[in-house]
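S.K.: Here's a structure for you.
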Ligand code: FDA
């Protein structure tokens with residue numbers, strides 16, 4: 001078959017692009033080095049439970065068009081993300097809200113909570129936050145910082161909070177209401193039956209061929225010669241053989257087990273916010289879909305340093321890496337037939353709704 005596009009990566013970006021391009025009559029080949037479709041939103045059924053294989057995925061957006069779009073591929077439930085923090089056996093609600101403040105200090109009203117935080121901020125003398133620690137204290141005071149932010153964040157990033165940039169937590173959700181909903185977005189939910197069905201439907205057009213277990217780099221020259229256009233959603237620095245240097249990522253290790261109990265922790269997401277516990281959170285997957293199966297599946301999430309060959313989960317968007325990425329983007333602009341997209345191609349932490357938006361923008365540009 002003569003293809004119009006090669007799409008490298010069967011994740012949400014590549015699959016949205018392929019779906020939209022096929023709707024416009026284009027022929028597409030999609031390859032992925034993994035042996036399944038879906039990229040990081042892949043869900044796998046274990047014991048009748050849809051397991052989020054690459055970490056908890058909750059769809060949320062303010063954009064009605066994007067919400068309606070994903071709802072054509074799956075029915076979404078009413079799941080609301082309300083994580084719990086476990087600090088040395090003390091349990092708190094997240095995001096930081098009146099329930100958290102009440103448990104910590106016994107305060108009952110927003111004014112009392114604001115007064116407590118203000119008192120702690122003033123005591124700490126933080127005027128212009130220079131790092132994550134100062135930023136956190138300036139937002140929520142020292143108690144919350146010490147119990148709920150410090151250990152978790154240092155584990156997550158593998159660096160001291162005083163060495164991390166303030167911007168990482170610029171948008172910490174802090175609320176002076178008794179509302180445990182993590183997201184402020186208008187629409188939120190989990191696809192009933194898991195995320196993989198969405199990607200499967202996106203790739204089901206007869207004009208799309210999917211080849212799994214296929215690494216682009218094994219035949220890079222041939223692909224570049226034979227496809228008129230390539231949409232590449234892998235790591236941009238790898239594409240250029242790291243010739244300007246290596247972009248940094250944080251990685252994760254997942255440890256998943258099936259337990260012979262119906263309900264292990266009573267919530268989908270429990271964060272462990274002390275520094276001694278080596279993992280950052282435990283996910284109990286059945287609660288994403290209010291499951292009643294006799295067994296349960298839990299995953300411990302361990303943050304890890306990233307080295308070449310590991311899964312690159314989170315781009316390290318600090319100044320040094322952003323500058324390097326900019327240089328790679330300039331190289332990319334010089335190539336006519338390759339378009340870089342998705343979270344690895346754009347070296348950007350995209351949520352799912354942003355990935356769909358970015359794929360739509362590319363479609364609009366390609367088919368204008
Ligand atoms: P993605 O990484 O999914 O796909 C890229 C694909 O390219 C992969 O399948 C990869 O195997 C393939 N590939 C790479 N190099 C290749 C090569 N050389 N040859 C062939 N194939 C290659 N978002 C959200 O909205 N709510 C949430 O709750 C979460 N939670 C969350 C938790 C964790 C732990 C992470 C890491 C991320 C999230 N996200 C999220 C973000 C979400 O995962 C993200 O927005 C999308 O999966 C990104 O889709 P992409 O297609 O861009 O990348």
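The values are calculated or read from the model by the stated rules, or taken from the named source; none is laboratory data. It should be emphasised that the depicted structure is a prediction, and the values quoted were computed from it without experimental measurement. Here Cβ is always computed from backbone atoms with ideal geometry, including for glycine, and neighbour counts include all displayed protein chains.
S.K.: So how many residues does the range 229-247 have that are surrounded by fewer than 18 Cβ atoms within 10 Å (Cβ to Cβ) and either farther than 27 Å from residue 303 by Cβ or within 25 Å of the chain's Cα centre (by Cα) (or both)? Break it down into steps so the answer makes sense when it comes.
M.R.: Within the range 229-247, the first condition is being surrounded by fewer than 18 Cβ atoms within 10 Å (Cβ to Cβ), and the residues that meet it are 229, 238, 240-246.
From the residues that got through so far, the ones that are either farther than 27 Å from residue 303 by Cβ or within 25 Å of the chain's Cα centre (by Cα) (or both) too are 229, 238, 240-243, 245-246.
Summing the residues that are surrounded by fewer than 18 Cβ atoms within 10 Å (Cβ to Cβ) and either farther than 27 Å from residue 303 by Cβ or within 25 Å of the chain's Cα centre (by Cα) (or both) in the range 229-247 gives 8.
S.K.: Follow-up question, since we're still on this one. What number of residues within the range 323-368 satisfy the criterion of being over 16 Å from the mean Cα position of the chain (by Cα) and in contact (Cβ under 8 Å) with a residue 24 or more places away in the chain?
M.R.: Number satisfying all stated conditions: 17.
S.K.: Given the criterion in contact (Cβ under 8 Å) with a residue 40 or more places away in the chain, within 15 Å of the ligand (Cβ to nearest atom) and assigned to a strand (DSSP E or B), identify the matching residue among 198, 231.
M.R.: The conditions single out 231.
S.K.: Which one is nearest to residue 364 (Cα to Cα), of the residues in the range 9-30 that are more than 9 Å from the ligand (Cβ to nearest atom) and assigned to a loop (DSSP other than H, G, I, E, B)?
M.R.: So the residue we want is 24.
S.K.: For the range 31-71, which residues satisfy the criterion of being more than 9 Å from the ligand (Cβ to nearest atom) and either assigned to a strand (DSSP E or B) or free of Cβ contacts under 8 Å to residues at least 24 places away in the same chain (or both)?
M.R.: Listed by number, the residues that qualify are 43, 44, 45, 46, 49, 50, 51, 65, 68, 71.
Every residue, every condition in (1) in contact with a strand residue (DSSP E or B) (Cβ under 7 Å, 6 or more places away or on another chain); (2) farther than 23 Å from residue 63 by Cβ; (3) free of Cβ contacts under 8 Å to residues at least 12 places away in the same chain; (4) assigned to a helix (DSSP H, G or I), yes or no:
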site	(1), (2), (3), (4)
159	no, yes, yes, no
168	no, yes, no, yes
177	no, yes, no, no
183	yes, no, no, no
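S.K.: I need the full set of residues from the range 88-101 which are crowded, with 18+ Cβ neighbours inside 10 Å and in a strand (DSSP E or B), in order please.
M.R.: 92, 93, 96
S.K.: Can you report the number of residues in the range 298-342 which are touching a strand residue (DSSP E or B) at 6+ places or on another chain (Cβ under 7 Å) and under 29 Å from residue 65 (Cα atoms)?
M.R.: 7
S.K.: Right, here's the next one. Within the range 209-228, can you find the residues that are surrounded by 13 or more Cβ atoms within 10 Å (Cβ to Cβ) and part of a loop (DSSP other than H, G, I, E, B)?
M.R.: Those that are surrounded by 13 or more Cβ atoms within 10 Å (Cβ to Cβ) and part of a loop (DSSP other than H, G, I, E, B): 212, 214, 215, 219, 227.
S.K.: Provide a single number: the residues in the range 7-30 that are in contact with a strand residue (DSSP E or B) (Cβ under 9 Å, 6 or more places away or on another chain) and either under 30 Å from residue 286 (Cβ atoms) or surrounded by fewer than 23 Cβ atoms within 10 Å (Cβ to Cβ) (or both). Step through it out loud before you land on a result.
M.R.: Taking the range 7-30 first, the residues in contact with a strand residue (DSSP E or B) (Cβ under 9 Å, 6 or more places away or on another chain) are 7-10, 13-15, 17-19, 21-22, 26-30.
Now drop any that are not either under 30 Å from residue 286 (Cβ atoms) or surrounded by fewer than 23 Cβ atoms within 10 Å (Cβ to Cβ) (or both), which leaves 9-10, 13-15, 19, 22, 26-27, 29.
The qualifying residues number 10.
S.K.: Which residues, taken from the range 234-254, are within 16 Å of residue 31 (Cα to Cα) and in a helix (DSSP H, G or I)?
M.R.: Correct list: 239 only.
S.K.: Next up: Just one of the numbered conditions (1) under 28 Å from residue 158 (Cβ atoms); (2) within 14 Å of the ligand (Cβ to nearest atom); (3) crowded, with 16+ Cβ neighbours inside 10 Å is not true of residue 253; which one?
M.R.: Evaluating residue 253 over (1) under 28 Å from residue 158 (Cβ atoms); (2) within 14 Å of the ligand (Cβ to nearest atom); (3) crowded, with 16+ Cβ neighbours inside 10 Å leaves (3) as the failure.
S.K.: Quick one: residue 107 ticks every box in (1) surrounded by 15 or more Cβ atoms within 10 Å (Cβ to Cβ); (2) under 22 Å from residue 184 (Cα atoms); (3) at pLDDT 95 or above except a single one, so which number is it?
M.R.: Just one mismatch for residue 107, condition (2).
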